[in-house]
1. Could you please give the count of residues in segment 198-230 that are open to solvent by 70 Å² or more (accessible area, probe 1.4 Å) and at pLDDT 50 or above?
2. Got a number for residues in segment 92-110 being out of contact with any Leu (no Cβ under 6 Å at 6 or more places or on another chain) and either surrounded by fewer than 16 Cβ atoms within 10 Å (Cβ to Cβ) or touching a residue at least 40 places away in the same chain (Cβ under 8 Å) (or both)?
3. Quick check, is residue 77 within 22 Å of residue 171 (Cα to Cα) and aliphatic (A, V, I, L, M)?
4. Of all residues in segment 174-197 being open to solvent by less than 60 Å² (accessible area, probe 1.4 Å) and of a type in the set (Ser, Thr, Tyr), which is farthest from residue 107 (Cα to Cα)?
5. I'd like the full set of residues that are open to solvent by less than 50 Å² (accessible area, probe 1.4 Å) and among the β-branched types (Val, Ile, Thr), limited to segment 139-153.
6. Could you tell me whether segment 67-78 includes any residue that is surrounded by 14 or more Cβ atoms within 10 Å (Cβ to Cβ) and touching a Leu at 6+ places or on another chain (Cβ under 7 Å)?
7. Tell me, please, whether a residue that is open to solvent by 30 Å² or more (accessible area, probe 1.4 Å), under 17 Å from residue 65 (Cα atoms) and at pLDDT 90 or above can be found in segment 112-121.
8. Can you pull out the residues in segment 119-159 that are over 16 Å from residue 58 (Cα atoms) and polar (S, T, N, Q)?
Amino acid sequence: MPPPSEPTTRVPRFTSAQRWVHRTTAWLALTCVATAACLYVPQLAELVGRRHLVRDVHIWSGLLVPAPLLLGLASRALRADLGRLNRFGPHDRRWLRAALRRDRRAASRPADKFNAGQKTYAAWIAGAVLVLLGTGLMMWFTGLTPLVWRTAATFVHDWLALAVGIVLAGHIGKALADPESRRGMRTGTVDPVWAAVEHPLWHPDEARPHALHSHGRGRSADAPFDAGSR
């Protein structure tokens, strides 16, 4: 009988608080999209029925979408990741140029913890949620704004909701195509080989103690990440 293989050391990527925020926000967003479809597609409206209940679920799930993130701000790790998502460096511009050229070589797409596509998606979806929330409130509280404003808000809300649905479908498709990325969001850890290939500029703090001790001065272990992040 061959000796059992040693378990692979996995790299910590997300804390339980980060995973909870992502999972809860995802379910709320999917509920919004599903109820919106039931409100605007006649065939689905007839199939589901109970329009008033569907409308109420849509409204409250939409109002609650920002809540998990706001609660998650208590997590230092989540705040740190928001900072990473908000920073674009030269390597991110290089990643975007390679994506536009459909250059799939790993060397052409350098990334830290989040690649440029993930940063762009996060920025776009955050702005879209705020616009949907504002226009939705204008449509709900009809006495607060004039009719022309509500008409414009309805137009913007409906078309932006359609765009969000399409972008979310693309996001889900990307996740389905990358099992290790999904595993990282589900368990909080990823395979070190995957991390080295997909996010070569990312050096998680939890994986650095040995490098810091072996180098003595510690800073050299961070040099690739720091140079790429500026």
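The values are calculated or read from the model by the stated rules, or taken from the named source; none is laboratory data. Since we're looking at a predicted model, the values are computed, not measured. Methodologically, a virtual Cβ is constructed for each residue, glycine included, from the backbone with ideal geometry; neighbour enumeration extends over all protein chains shown. Surface accessibility is based on the protein's heavy atoms, side chains included, excluding ligands, DNA and RNA. Shrake-Rupley method; radii C 1.70, N 1.55, O 1.52, S 1.80 Å.
1. Of the residues in that region, 2 qualify.
2. Count: 11.
3. Values: within 22 Å of residue 171 (Cα to Cα): no; aliphatic (A, V, I, L, M): yes.
Against the criterion (within 22 Å of residue 171 (Cα to Cα) and aliphatic (A, V, I, L, M)), residue 77 does not qualify.
4. This residue is 189.
5. 145
6. The answer is yes, given that some residue of segment 67-78 is surrounded by 14 or more Cβ atoms within 10 Å (Cβ to Cβ) and touching a Leu at 6+ places or on another chain (Cβ under 7 Å).
7. Yes, that holds for at least one residue.
8. 120, 142, 145, 151
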